[in-house]
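Enquirer: This is the structure, below, for whatever I ask next.
The values are calculated or read from the model by the stated rules, or taken from the named source; none is laboratory data. All of these numbers come straight from a predicted model, not from anything done at the bench. Note: ideal-geometry Cβ built from the backbone for every residue, glycine included; neighbour counts use all protein chains shown. The accessibility values were calculated without ligands, DNA or RNA, using every heavy atom of the protein model including side chains. Shrake-Rupley method; radii C 1.70, N 1.55, O 1.52, S 1.80 Å.
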Amino acid sequence: MAATRSIVILTGAGISAESGIDTFRSAGGLWEQHRVEDVATPEGFARNPNLVLNFYDMRRAALAVVEPNPAHEALARLEREFAGELLLITQNVDDLHERGGSARVLHMHGELKSALCQSCETRSPWHGTMIERPPCPVCRAPTLRPDVVWFGEMPYQMGRIYQALETCDLFVSIGTSGAVYPAAGFVQEARAAGARTLELNLEPSEGSRMFHETRLGPASALVPAWVAEVLGG
Ligand code: BV8
């Protein structure tokens, strides 16, 4: 088998589950506690901004009581030691990849610890709350919103993502149900461009049949083992 020169990794809520962050579709998951239409759409935000700002203030505050797990740490090791090209794309808005040691993380659906000003469109690091309508650090307008991509909005850096999917020789999906697009379509893009495709997940996802190989189990076990394989021990 030709050496792996370039890897694209996509992670989802499953990689942060063992750190204590709710996934979306599991029993008691986020989408059971809140209606997607109410808390994760521009229309929901227009209808009831307090509900949405509170939802994201709550999730941002919850980051203080969770820690990265061995799956996050193993991907940071891969970034440090892999000689080839590596692009780590996450659908997660938490900061556990960075706190696990990854320096280069592409948050295609945004970040809890970032604010987007609806007046001047600048994005600023944000660690507090937004429910009290604090002023934008740049233009001072009280028009901040969570810097996350809601349903119906365009994910971030799609051009860079598609370019990497076209040239990678290995695509790896970790802890995602394959229910949300365009992320759920990346395996097809990579495969169509000739890449090998591997899924690491607790249970089969909606896209499992499109992967060359699927390994089932908890990310905290599967990911360190796979990284050791790539790095040769
Ligand atoms: C867009 C940020 C135009 C906010 C999120 C094509 C067909 C059908 C529909 C569409 C389509 N194209 C677009 C759509 C509409 C929509 C969509 O996909 N709807 C779905 C519901 C059908 N998509 C959009 O609106 C997107 N925008 O399309 O713009 C466009 C078109 C083309 C190209 C560019 C743009 C925007 C979607 C982004 C919405 N924002 N998040 C927030 O977080 O609050 S989505 C959010 O939900 C997450 O970011 C993530 O993407 C998704 C949740 O999925 P997962 O992360 O996979 O989590 P889930 O709970 O589902 O699964 C967890 C998995 O982990 C499970 O499989 C489980 O088995 C596993 N697991 C659990 N524990 C472990 C584990 N695995 C390992 N170890 C464990 N311990």
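Enquirer: Connecting C-alpha atoms closer than 10 Å in a GNM of the chain, tell me which of ARG47, ARG77, ARG60 has the biggest fluctuation.
Expert: Maximum fluctuation in the GNM of the chain, among the listed residues, is at ARG47.
Enquirer: Ok, one more. So what's the net charge close to GLY217: Lys and Arg +1, Asp and Glu -1, counting the other residues with Cβ under 12 Å from its Cβ?
Expert: Here the count lands on -2.
Enquirer: So, counting K/R as plus one and D/E as minus one, what does the shell of residues with Cβ under 13 Å around GLU79 add up to?
Expert: -1
Enquirer: Related question: Answer rounded, prolate or oblate for the range 1-72, using the Cα gyration tensor with square roots of eigenvalues a ≥ b ≥ c: rounded when a/c is under 1.5, else prolate when a/b is larger than b/c, else oblate.
Expert: prolate
Enquirer: Hey, rough spin-label estimate for ASN48 and ALA179, points 7 angstrom out along Cα→Cβ, what's it come to in nanometres?
Expert: Modelled inter-label distance: 2.0 nm.
Enquirer: In whole percent, how big is the carbon plus sulfur part of the accessible area of the chain, probe 1.4 Å, protein atoms only?
Expert: Values: 5910 of 10840 Å².
Here it works out to 54 percent.
Enquirer: Another question about this same structure. Which whole-number value in Å² is the accessible area per residue of the chain, probe 1.4 Å?
Expert: That works out to 47 Å² per residue.
Enquirer: Just add up the charged neighbours of SER177: K/R +1, D/E -1, any other residue whose Cβ is under 12 Å from the Cβ of SER177.
Expert: So the environment of SER177 carries a net charge of -2.
Enquirer: What does the highest-first list of 10-19, 192-201, 119-128 look like by mean Cβ count within 10 Å? Present the calculation step by step, with values, prior to reporting the outcome.
Expert: On the way: 10-19: 24.5, 192-201: 19.4, 119-128: 13.3.
Averaged packing, sorted descending, gives the order 10-19, 192-201, 119-128.
Enquirer: Can you give the helix-only mean residue ellipticity at 222 nm for the chain, where every DSSP H stretch with n ≥ 4 adds -39500 (n - 2.57) and the sum goes over all residues, rounded to the nearest 500 deg cm²/dmol? Intermediate results must be reported in sequence, preceding the final value.
Expert: Values: 10 runs with 78 residues, N = 233.
Theoretical 222 nm ellipticity from helices: -9000 deg cm²/dmol.
Enquirer: Right, here's the next one. Obtain the nm distance between the two label points defined at ARG5 and ARG133 by a simple spin-label model: each point lies 7 Å from its Cα along the Cα-to-C-beta direction.
Expert: About 5.6 nm separates the two model spin labels.
Enquirer: Alpha carbons only, please: Rg and Dmax for the range 106-233, in angstrom.
Expert: Answer for the range 106-233, Rg first and Dmax second: 18.4, 53 Å.
Enquirer: May I pose another question? Percent of Cα-Cα pairs per 5 Å bin, from 0 to the last occupied bin, for the chain, please list those.
Expert: 1, 6, 14, 18, 19, 16, 11, 7, 4, 2, 0, 0
Enquirer: First measure r as the distance between the Cβ atoms of ARG35 and ALA221, then evaluate 1/(1 + (r/R0)^6) with R0 = 45 Å and state the FRET efficiency to the nearest 0.05.
Expert: The computed FRET efficiency comes out at 0.85.
Enquirer: Quick one: compute the contact order of the chain, relative version, from alpha carbon pairs under 8 angstrom and 6+ residues apart, as a percent.
Expert: In percent, rounded to a whole number, it is 23.
Enquirer: Can you tell me the 0 to 90 degree angle between the C-alpha axis of helix 158-167 and the longest principal axis of the chain, rounded to 10?
Expert: So the helix axis and the longest Cα principal axis differ by about 0 degrees.
Enquirer: Quick one: Cα centre-to-centre distance for the range 154-174 and the range 202-233, in angstrom?
Expert: Going from one Cα centre to the other spans 18 Å.
Enquirer: Can you give the charge dipole size of the range 182-229 about its Cα centre, rounded to the nearest 20 debye, using +1 on the beta carbon of Lys and Arg and -1 on the beta carbon of Asp and Glu?
Expert: For the range 182-229, the charge dipole is close to 100 debye.
Enquirer: Nothing charged except the Cβ atoms of Lys and Arg (+1) and of Asp and Glu (-1): what's the magnitude of the dipole of the chain about its Cα centre? Round to the nearest 20 debye. All intermediate terms of the calculation are to be shown ahead of the outcome.
Expert: Details: 20 positive and 28 negative charges, 69 e Å.
For this selection, approximately 340 debye.
Enquirer: What do you get for the angle between helix 70-81 and the principal long axis of the chain? Use alpha-carbon atoms, 0 to 90 degrees, nearest ten.
Expert: That works out to roughly 70 degrees.
Enquirer: A further question on this structure: Within the range 142-185, whose backbone N sits under 15 Å from a point 7 Å along Cα→Cβ of ARG123?
Expert: Hits in the range 142-185 for ARG123 at 15 Å: 145-150, 153-161.
Enquirer: For the Cα atoms of the chain, what angle does the longest principal axis make with the long axis of helix 219-231, in degrees from 0 to 90, nearest 10?
Expert: So the helix axis and the longest Cα principal axis differ by about 50 degrees.
Enquirer: Answer with one residue from ILE161, LEU87, PRO125: the one whose Cα lies farthest towards the positive end of the charge dipole of the range 70-167, charges on Cβ with Lys, Arg +1 and Asp, Glu -1.
Expert: PRO125
Enquirer: How much length would be gained if the chain were fully extended between GLU81 and ASP22, taking 0.36 nm per residue of separation minus their Cα-Cα distance, in nm to one decimal? Intermediate results must be reported in sequence, preceding the final value.
Expert: On the way: separation 59, 0.36 × 59 = 21.24 nm, distance 3.04 nm.
18.2 nm is the gain from fully extending GLU81 to ASP22.
Enquirer: Please give the contour-minus-distance gain from ARG140 to MET58: 0.36 nm per residue of separation, less the Cα-Cα distance, rounded to one decimal in nm.
Expert: 27.2 nm is the gain from fully extending ARG140 to MET58.
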